[in-house]
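Data first, discussion second: the structure below is written as structure tokens.
The values are calculated or read from the model by the stated rules, or taken from the named source; none is laboratory data. Just so you know, these numbers come straight off a predicted model, no measurement behind them. Counting neighbours? That spans all protein chains shown, and the Cβs are built from the backbone with ideal geometry, glycine included.
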Amino acid sequence: MKKILFPAMLLILLSTLCVQAQQPDFHGGFGNMKPPVDPDFKDVDYAGDDLEAHRLDIYLPKTGKAPYKAVIAIYGSAWFSNNMKAITYFSFGKPLLDAGFAVVAINHRSSGDEKFPAQIHDVKGAIRFIKAHAEDYKIDESFIGITGFSSGGHLASMAGVSGTMKTKTAKKSVATNILDANKNIVGTKTETTEIKLDLEGNIGGNTEYSSAVDAVVDWFGPVDMRCMSANCEGVNDEKSPEAALIGGAPAENPELIELISPAAYLKNGSQPLPRFLVIHGDADNVVPYCQSKRFAEELDKRGVLEEFITVPNGQHGPITFNDETFKKMTDFFVKEASKK
């Protein structure tokens with residue numbers, strides 16, 4: 001029988017968080033939850049600006065010999081929280097530590113702090129920081145994996161698909177009416193412009209280091225905001241978390257919705273990609289299961305999918321997190337790390 005390894009508080013959080021239309025209040029203690037194991041390095045400021053959102057904790061294995069290959073871990077919060085790194089340990093910190101990896105649990109700015117791409121800038125700033133200061137924190141920078149659940153899975157996947165890309169553009173078409181002298185509409189004209197998204201940023205500097213990662217485990221992340229509604233048929237409404245992330249209704253901002261969707265980076269792409277493991281429960285009522293299924297199919301076409309794991313009756317955290325899926329994650333990271 002599968003053993004569920006998830007505290008009750010986190011189960012409740014994951015089951016309710018992403019369906020809230022407005023930004024939740026995270027001052028009730030989630031950001032200050034104390035893991036059963038103290039980080040070896042706590043509240044490290046990876047950006048140099050003293051923001052709570054720009055702090056990370058590093059947990060080192062108690063066995064094995066330093067330096068340790070590392071996995072960056074990102075919490076899920078529907079992008080609403082800037083301080084939940086402590087909760088990351090409760091999700092998959094222990095299995096990663098037991099497998100011999102240093103675990104780097106990071107905070108990032110929330111959608112209430114800044115709109116996208118601030119969040120991926122933070123993730124990439126943390127990746128570069130770890131590589132630049134690897135020796136200081138007993139980390140072997142030859143392998144940096146990344147994982148996350150829910151919105152953290154989105155950011156982990158975004159880091160994976162865009163690791164070697166500095167920018168991405170999307171075309172925006174705007175139709176305007178053509179008027180005659182009497183201001184009657186006699187036709188329309190369409191003008192096409194480009195929206196360019198900076199994917200790298202310069203958070204914390206260290207820009208001489210690559211922000212590319214070596215392997216990705218995506219736990220039920222929303223990876224294609226173009227089809228986030230039930231059964232992946234279309235966009236969500238203006239009250240959705242992704243609307244808060246871009247600062248507008250998805251239906252009115254198709255170009256931005258495309259740019260924030262990791263799945264959109266796979267088709268016709270030529271950039272090198274790390275290998276992916278994708279995990280999703282088929283009873284998830286927050287992020288549609290078809291999100292991961294379609295994403296996995298595209299990753300497979302690119303030849304970078306290790307496995308797509310469907311968890312029967314798996315929900316948005318509950319049941320999906322268990323001994324078997326944790327072992328799949330750690331075995332995958334061990335396999336990829338052995339190549340380095």
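Below is a table of values for the structure above.
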| quantity | calculated |
| --- | --- |
| Scan of the stretch 121-145 for residues that are among the β-branched types (Val, Ile, Thr) and either within 17 Å of residue 87 (Cβ to Cβ) or touching a Leu at 6+ places or on another chain (Cβ under 6 Å) (or both), ordered by number | 123 |
| Residue 181 free of Cβ contacts under 8 Å to residues at least 12 places away in the same chain, farther than 20 Å from residue 148 by Cα and crowded, with 22+ Cβ neighbours inside 10 Å | no |
| Top-ranked residue of the stretch 34-68 - restricted to ones that are assigned to a loop (DSSP other than H, G, I, E, B) and among the charged types (D, E, K, R), ranked as farthest from residue 112 (Cα to Cα) | 65 |
| Matching entry among 140, 136 (being in a helix (DSSP H, G or I) and over 19 Å from the mean Cα position of the chain (by Cα)) | 136 |
| Scope the stretch 143-171; condition under 17 Å from residue 70 (Cα atoms), part of a strand (DSSP E or B) and not β-branched (Val, Ile, Thr); matching residues | 143, 145, 148 |
| Unique match (being at pLDDT 95 or above and either out of contact with any Phe, Trp or Tyr (no Cβ under 8 Å at 6 or more places or on another chain) or surrounded by fewer than 16 Cβ atoms within 10 Å (Cβ to Cβ) (or both)) among 25, 57, 40 | 40 |
| Selection from the stretch 90-120 of residues that are in a helix (DSSP H, G or I) and in contact with a Leu (Cβ under 9 Å, 6 or more places away or on another chain) | 90, 91, 92, 94, 95, 97, 119, 120 |
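Yes/no matrix, rows are residues, columns are (1) surrounded by 23 or more Cβ atoms within 10 Å (Cβ to Cβ); (2) on the phi < 0 side of the Ramachandran plot; (3) of a type in the set (Gly, Ala, Ser):
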position	(1), (2), (3)
89	yes, yes, no
93	yes, yes, yes
96	yes, yes, no
104	yes, yes, no
107	yes, yes, no
115	no, yes, no
120	yes, yes, no
